[in-house]
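Asker: Right, I'll just put the structure down here and ask away after.
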Amino acid sequence: MTGQKSDFSNIYVQPDPRAYYGTLARLDYEIPSHGTRVFGAILDTLPAEADGRAPTVLDVCCSYGVNAALFNHDLSFGEIHQHYTHLEDDDPDAVIAADRELFASRRRPDAVDFVGLDASEPAISYGLEAGLLADGVAADLEGGRLTDDQAARLEGVDLVTITGGVGYVGARTFDQVLDAVDEPPCVAALSLRWIDFAPITDVLDAHDLVVEHVDEFVVPQRRFTGAAERRFVMDQLDAMDRPATSVERGGRHAADLYVARPARMAEEHPIGDIVDALTDD
Ligand SMILES: C[S@@+](CC[C@H](N)C(=O)[O-])C[C@H]1O[C@@H](n2cnc3c(N)ncnc32)[C@H](O)[C@@H]1O
C-alpha cells in the first residue's frame, strides 16, 4: 500500500480560521454540515432537552469550533468562508473581533453549550475568544492524560461529538473522556470509512454504551486532493475488505455514522427512526 491522506496540519494551528475555511472550502468540505444535522437529531432525543435544561456538547477535535459555529448559528460553512474573503489582509485580532460580532448577530435561540477538546492551543483559544466555545480543553489525550482540572470540566457533558477527527484520536482519547463524564453520555461520530473504528467501539462498549453503526447513512467529507489520495483510500478500503461506496467512487472521502448510547436511550429512540428522519430531510 502506498501514499497517504493529504496533510493539512498547518491550517489547524493558526491564530484564526481563515486558512482552515479557505483550504477546505476549495475541496468542497461538508462533514461539519452533516455533523450539525446528525447532532441535532440526537440532541432532540436527550433527557436534558425534555427536562428543559440546555444540553452540553463536548466536540472532540473541535479545531476552531466549526461544529459549534454551524450548530448554534444561522450560518453555513460557505457563508463563513465568504465572510473571510473581506478580511484577507486583516490581523488576527481584527478577524477574531469581526467573527465575534458575526456569531453574536446570528446566534440561534436554541443554542447549546459547546465544550471543545483539541490538541491545538491556538484553535481552542480562538473558539473561546470568538464566543463559540463555552469552555475549551487544549490537550492531546493520545499522548497524555487529562489533568484533574480538565476532567472536572467535562463532568456535565450530555453528548460527545466528532467530525473529521477519528484517526487523529482513537481509543485512548475516548476512554479518558468517558471516564471524566459523570452520567454516561451519548456519543455521535462521523468517521472516515477507511479508518478502523473498532478500537473506539471497544472502549464505548467497555463504558456500557450500546454502539450502533448505521450502514445506510454515508456522507461525503470532502473531495480527494487528487489521484494519489484517491488511490490511497481505495487501497485502504480493499485492505479492510470494505467495498467503496458511490461517494468514494465519485471522488470524495466518505464518512460513516456511529452512535453510542446508554441502553435505555437506545431502546426508547431506535437509531432507525433517527436515521429515517435524517434521510427524509
Ligand atoms: C481534520 S481536523 C477536524 C476539525 C473539525 N472537527 C472538522 O470537522 O473540520 C482534525 C483536528 O484534530 C486535531 N487533533 C489532531 N491530533 C489530535 C489529538 N491527538 N488530540 C486532540 N486533537 C487532535 C487537530 O488539531 C485538528 O483540529
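Asker: Those residues that are without any contact (Cβ under 8 Å) to a residue 24 or more places away in the chain and at positive phi, I need them from region 235-267; list them, please.
Answerer: Passing the criteria: only Asp241.
Asker: Taking Asp59 as the residue in question, decide whether it is within 13 Å of the ligand (Cβ to nearest atom), of a type outside the set (Phe, Trp, Tyr) and at pLDDT 95 or above.
Answerer: yes
Asker: Would you pick out the residues in region 148-160 that are assigned to a loop (DSSP other than H, G, I, E, B) and either more than 21 Å from Ile42 (Cβ to Cβ) or within 11 Å of the ligand (Cβ to nearest atom) (or both)?
Answerer: Correct list: Arg153 only.
Asker: Restricting the search to region 168-180, which residues are surrounded by fewer than 19 Cβ atoms within 10 Å (Cβ to Cβ) and in contact (Cβ under 8 Å) with a residue 40 or more places away in the chain?
Answerer: Within region 168-180, just Tyr168 meets the criteria.
Asker: Let me ask another. Look at Arg193 and say whether it is crowded, with 21+ Cβ neighbours inside 10 Å, charged (D, E, K, R) and more than 12 Å from the ligand (Cβ to nearest atom).
Answerer: yes
Asker: Need pairs with beta-carbon distance below 6 Å; first residue over 18 Å from Gly35 (Cα atoms) and within region 77-90, second of a type outside the set (A, V, I, L, M) and surrounded by 15 or more Cβ atoms within 10 Å (Cβ to Cβ); sequence gap 6+ or separate chains.
Answerer: From residues that are over 18 Å from Gly35 (Cα atoms), the pairs are Tyr84/Arg18; Tyr84/Tyr21.
Asker: Additional query: Condition (residue is within 21 Å of the chain's Cα centre (by Cα), aromatic (Phe, Trp, Tyr) and under 19 Å from Gly170 (Cα atoms)) applied to region 212-224: is it met by at least one residue?
Answerer: No, region 212-224 contains no residue that is within 21 Å of the chain's Cα centre (by Cα), aromatic (Phe, Trp, Tyr) and under 19 Å from Gly170 (Cα atoms).
Asker: Of the residues that make up region 192-206, is at least one touching a Ser or Thr at 6+ places or on another chain (Cβ under 9 Å) and aromatic (Phe, Trp, Tyr)?
Answerer: yes
Asker: Of these, Ala123, Ala138, which one is within 12 Å of the ligand (Cβ to nearest atom), of a type in the set (Gly, Ala, Ser) and crowded, with 18+ Cβ neighbours inside 10 Å?
Answerer: It is Ala123.
For every residue, the table says whether it meets (1) out of contact with any strand residue (DSSP E or B) (no Cβ under 8 Å at 6 or more places or on another chain); (2) within 12 Å of the ligand (Cβ to nearest atom).
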{"residue": "Leu46", "(1), (2)": "no, no"}
{"residue": "Leu70", "(1), (2)": "yes, yes"}
{"residue": "Arg107", "(1), (2)": "no, no"}
{"residue": "Glu142", "(1), (2)": "no, yes"}
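Asker: Restricting to region 1-33, what's the tally of residues that are within 11 Å of the ligand (Cβ to nearest atom), assigned to a helix (DSSP H, G or I), surrounded by fewer than 20 Cβ atoms within 10 Å (Cβ to Cβ) and not hydroxyl-bearing (Ser, Thr, Tyr)?
Answerer: Of the residues in that region, 2 qualify.
Asker: While we're on this one: Report whether or not Gly52 is within 16 Å of the ligand (Cβ to nearest atom) and small (Gly, Ala, Ser).
Answerer: no
Asker: Select from region 34-68 the residues that are outside any loop (DSSP other than H, G, I, E, B) and β-branched (Val, Ile, Thr) and list them in ascending order.
Answerer: Selection gives Thr36, Val38, Ile42, Thr56, Val57, Val60, Val66.
Asker: So which residues in region 161-184 are more than 9 Å from the ligand (Cβ to nearest atom) and over 15 Å from the mean Cα position of the chain (by Cα), if there are any at all?
Answerer: Ala171, Asp175, Gln176, Leu178, Asp179, Ala180, Val181, Asp182, Glu183, Pro184
Asker: In region 72-104, which residues are surrounded by fewer than 18 Cβ atoms within 10 Å (Cβ to Cβ) and among the polar types (S, T, N, Q)?
Answerer: Residues satisfying the conditions are Ser76, Gln82, Thr85.
Asker: Identify the residue in region 84-101 that is modelled with pLDDT of 95 or more and touching a helix residue (DSSP H, G or I) at 6+ places or on another chain (Cβ under 6 Å) and, among all such residues, is farthest from the ligand (Cβ to nearest atom).
Answerer: Here the answer is Ile96.
Asker: Is it fair to say Gly131 is more than 9 Å from the ligand (Cβ to nearest atom), touching a residue at least 24 places away in the same chain (Cβ under 8 Å), more than 22 Å from Glu30 (Cβ to Cβ) and surrounded by fewer than 19 Cβ atoms within 10 Å (Cβ to Cβ)?
Answerer: no
Asker: Need pairs with beta-carbon distance below 7 Å; first residue under 14 Å from Gly40 (Cβ atoms) and within region 268-281, second among the small types (Gly, Ala, Ser) and part of a helix (DSSP H, G or I); sequence gap 6+ or separate chains.
Answerer: The qualifying pairs are Ile274/Ala41; Ala277/Ala41; Leu278/Ala41.
The values are calculated or read from the model by the stated rules, or taken from the named source; none is laboratory data. Values in this document were obtained by computation on a predicted structure and should not be read as measured data. All Cβ positions, glycine included, derive from the backbone under ideal geometry; neighbour counts span all protein chains shown.
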